[in-house]
Structure formats: structure tokens, C-alpha cells
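> The structure under discussion is supplied below as C-alpha cells; questions concerning it will follow.
Just so it is clear, none of the values below were taken in a lab; they were calculated from the coordinates. This structure is a prediction, so every number in the text was calculated from the model and none was measured. When we count neighbours, we look across all protein chains shown, and the Cβ atoms used for this are built from the backbone with ideal geometry, even at glycine.
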């Protein structure tokens, strides 16, 4: 019987992050990456967003493996939450396993006994009779891989995140030899990342930090600070190599970068000579021009710690920036972080230090651009092509790259799909199915998953936008009277100096409503609802706002 294949995504299409691709071969299910994304400001109190994995949970007995490309949160962030219910083997590199362990501890605050099958970035494995080929890719995380799964109609290939890089850099090798071997067999379907597809040319060499390091360190008259994103392990290695080659000393500014270095140094991360990395206590005993201070954090947090340092709002005063110091900001802000990034850079300039701020045009992320994608398509020559991992404009740009490469690709064999849409492949022919798999977002709030209702989000938005009123008193049902209070607290929607008349009216409404309920034997729950209705109408009329109102009635008998 010929293999029947289904391919669909539960996350990562028409969005950034939350990548999760499912490949079904007959009765066997393979999960290719399982990541998260961070919420925007419209979801107050939410820590993470992961894919709705109900389909996988309903079919957990058929899940044969998680196949993980690399250790960024967009690829691994959902695993700690899914694994408790879907505990299939996890095939990944040692570095990726370290990041998965760390992510679980960070959010669930307890270790998970994962069933890891550690593979080298270009290993071959057999899983339930299926040949799976990993091929190492060059990406900002060490030991990243693409994945190919054999079927009798050809290979299903998933690129993961990659750039074409011809330097043989251990941990970031673009494995042409393994790709050529995969290309020797028919490639039935190629799935490639799309987030950089609307950019021309190759990513390399604009992803390299070393040329800028040479210039900044040569010109520095004091210590040199360098700030990079947590995802940029390639950049961290460049700094380590530069320091080792030029007799510089590295100090890790915060615990985050120390922990990252310690975790990955046993998993393939480049490690310099023993005396290159020094402690904070040695800062004052080393020549200033020989010191490189490395700062590393995720997302907006890197800009927060830059601002704190620039304003001197730190505990360790040995790190105070001096006018003769240099500061290299090697973390061009992602979409949505421009304001906080601009403010932090402005704070830096106030220190008088020499500032070098790298932009997206001069220092780019290690994601495939147009020519990177063309190179992979040309090498593998897939029968069908599916852009994944990106917003719709990225998916469309990626699809058009293939279509414009010649007569081999058109709308007949290049797919653009949404999460939950299914591509069925039978007898070597791929088509869109009428089936639609349940998909969507699961909210992670603390250690709870998917239990944050829309009403809770609405309440949090009210709190963050319009403030809160808490009205409390105590009553005696036996005496039918108020025995304590009321105490009215208002936060976040009017200044106290402007609130006396409002406070007086809310107090009167609360007392009148509760007294009336006590005298007429109306339930206190009904009385609180009546008060909510009256006070909301009053506040809307007076100030046009919609604060959350919380009435509390304590019974004392």
C-alpha cells in the first residue's frame, strides 16, 4: 500500500512564532517543532501563547516523536506544556535539550522527565520504520537542523530556520554535503521558513558582528559594553572568539548571560581560554581597554536593562558607564519594540559614552532571505513547495520566490495555507483537503494552560485601562443594618484631589442600595448587582470611563 501523507500546521502560519507542523504518514504522527509566542499588550497578565493541540491530544497514541529543529522559544516553548499529556520521544540536539529543560523550569518551576533521544545535527534515525534525516543548518542558535522524513513518494523536508553560510563554523554549519545526499532522492514536499522572504539577497555576511567588534574595540578609550538578544548565540560566540584572539577579558553583566553560557558550554558552544572570562570582582584589576562587558536578555528586557544601566539605577556600581567607555547596541528592535529601544538608546547617549547602534539594515537576523531560499529550492528541487513560519505577507513573498524561479513552479504546486488547513498527498499527488483541523491559541497564565477565559482578559483590560473601584462594608442580617464601613478605594482612573465628589456619591449609592436591601429582605447578591448597575451609569456620565467595580459585603452576626 502506498503511503498516505497529511501535512498541516497548528501554529506559525500568518503569525510570528508558535510554530508547530504535523506530518502524518499513514497512522504515524510526527510533530515538527512546538513553540510559543509572546502576547501583545491586548492580553494583560498572559505569559505565553501556545498552539491549541487538541487534535494531537485526541490522537496521542499515534504520536511517534517530536522532531525539534533548534532551541529557540518559537520552536520549543510549547513542549513543557504539551509533554505532560503527549509524552512521545523528543529527537533533538544536546543544546536544544538543554534549552527545553531550562524552559520547563522557567515556567513550570519543576523538572520534567523528558524522553530525549539526543541526535547530532546531521544524524539519521529510524522511528517506527520511518527514516528521518537531520541536516545541520546555520542559524543563530547552535546545533540547529532541518528535518527530512522519507515516504515512498519522496522526502518531506522541513528547513527549520537557516541561512546559506559557506564558512565551516562548528555549531553553525550549513551542511551542503548532507543536503546533496537528500537531494539525490526525490523531494516530495519542501517547507521553508518565510519571515525573511521579503528581503533581497543573502543574509550572509550582514549577520556577522566581528567587523563591527574590530572597529569599536580599536577605537574604544575605556571599557566596551555589548548588548545582544538572547537568541543570538552566534553573536555571543563571535564575541568569545574575538576576545580569545585579541587578549581581551569578558565579563558577563547579568545572570541571564552567565546561565546561558554555562548551559550551552557543555553542548557545543565555543569556549575560550580559561583566563578570558573573568568575574565582576576582577573588573577593577584589568586594564579598561581590555574589558568587554556582555549584556544579554530577551525582547524588551534587553532595552530595560540598558536603560537601568544608563541611568545608574543598578546595585553594582562597578558597571556605571563612564564618558570614555564604548557601547555597542547589537540588538536591532523587532516590530513593537521601537519605542522602548529608542528611549533606551537616548538614555545611553546621555552618559557621554561612544555609542554604536546597529540597525536592521547593517546587522540582520539569521533568517533566510530571497537568495537563501532560492539556493535551497534549486538544490532540493521539490515537487511541491509550502512556505511556513511567518505572517501572510512573508508566506506570499516566499511563494512568489518559487513561482518566479521558472516553469517548474506555479499555483498548482506551490501552496499558501492557514493553520488547520490540510495538504493530503497520495500516490505522489498533493491536494488541499476539505478537512479543517481545530487550531488556535492557548493562553498560559502562570502554570495554567488554556483556562484564561475571555471575561478574565476583559477584566484585566479594564484594570489596565480604566482602573478599579473596591467598595466594602459589613452588615448584620439580624439587626438589618450596616455595622462597619463603607470603605471605598479607587485606583487608576481619577486623582484623589479630583475625586471627593465622586467618592461621596459612590459611598451614598452603596449605602442606600445595601440599606434598602436589608429593609426589604432583598438578597445581598441582587443588591450588589443593583449597585454595579447604578455606579457604572453614574461614572460613565461623570467621567466617561469604565473602571472595574468590585462590591464586597461581609456578613457579621
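> Going by average Cβ density within 10 Å per residue, which order do the peptides 3-10, 501-508 take, highest to lowest?
Going from most to least packed, we get 3-10, 501-508.
> Relative contact order for the chain: what percent, with Cα pairs under 8 Å and sequence separation of 6 or more?
RCO, the chain: 16 percent.
> Find the relative contact order for the range 263-345 and round it to a whole percent, using C-alpha pairs within less than 8 Å whose residues are 6+ positions apart.
30
> Also: Take the alpha-carbon centre of the range 263-308, take the same for the range 12-85, and report the distance between them in whole Å.
Here the answer is 32 Å between Cα centres.
> May I ask you to order 117-126, 30-39, 323-332, 93-102 by the average number of other C-beta atoms within 10 Å around their residues, highest value first?
30-39, 93-102, 323-332, 117-126
> Using R₀ = 56 Å, calculate the FRET efficiency as 1/(1 + (r/R₀)^6) where r is the Cβ-Cβ separation of residue 359 and residue 427; round to 0.05.
0.65
> Under 18 Å from a point 7 Å along the Cα-to-Cβ line of residue 379: which residues of the range 53-82 have their amide N that close?
Taking a point 7 Å out along Cα→Cβ of residue 379, the residues of the range 53-82 whose backbone N falls under 18 Å are 69-70.
> So if each residue of separation counts as 0.36 nm, and I subtract the Cα-Cα distance between residue 298 and residue 324, what length gain in nm does that give?
6.6 nm
> From the C-alpha coordinates alone, can you work out the Kirkwood hydrodynamic radius of the range 383-437, in Å?
Across the range 383-437, the inverse of the average 1/r is 11.9 Å.
> If you don't mind, another one. Given N residues in the range 210-357, what is its alpha carbon radius of gyration divided by 2.2 N^0.38 Å?
Here the Cα radius of gyration is 0.97 times the empirical estimate.
> For the chain, go through all pairs of different Cα atoms, get the mean of 1/r, take its inverse, and jot down that Kirkwood value in Å.
For the chain, the Kirkwood estimate is 26.7 Å.
> If each residue of separation counts as 0.36 nm, what is the full-extension length gain between residue 391 and residue 404 once their alpha-carbon separation is subtracted? Mind dumping the intermediate values first?
Details: separation 13, 0.36 × 13 = 4.68 nm, distance 2.02 nm.
Length gained, residue 391 through residue 404: 2.7 nm.
> Can you tell me how much longer the chain between residue 436 and residue 274 gets when fully stretched, taken as 0.36 nm per residue apart minus their C-alpha distance, in nm with one decimal?
52.8 nm
> What number do you get for the range 75-185 when its Cα radius of gyration is normalised by 2.2 N^0.38 Å, N = residues? Don't jump to the answer; show the numbers that get you there.
Working: Rg = 15.0 Å, N = 111, 2.2 N^0.38 = 13.2 Å.
Compactness ratio reported: 1.14.
> Can you compute the label reach from residue 316? Point 7 Å from Cα along the Cβ direction, backbone N cut-off under 16 Å, restricted to the range 337-360.
No residue passes the distance filter.
> So for the range 210-357, averaging the separation of alpha carbon pairs under 8 Å that are six or more residues apart and normalising by length, what relative contact order in percent results? Could the numbers behind the result be given before it?
Working: 228 pairs, mean separation 49.4, N = 148.
Worked out over the range 210-357, it gives 33 percent.
> Taking the convex hull of the Cα atoms, report for the range 287-393 its projected area averaged over all directions, in nm².
That works out to 9.6 nm².
> What percent antiparallel are the DSSP beta bridges of the chain, to the nearest 5?
50
> Using packing as a proxy for protection, rank 433-440, 11-18 so that the peptide with the highest average count of other Cβ atoms within 10 Å comes first.
11-18, 433-440
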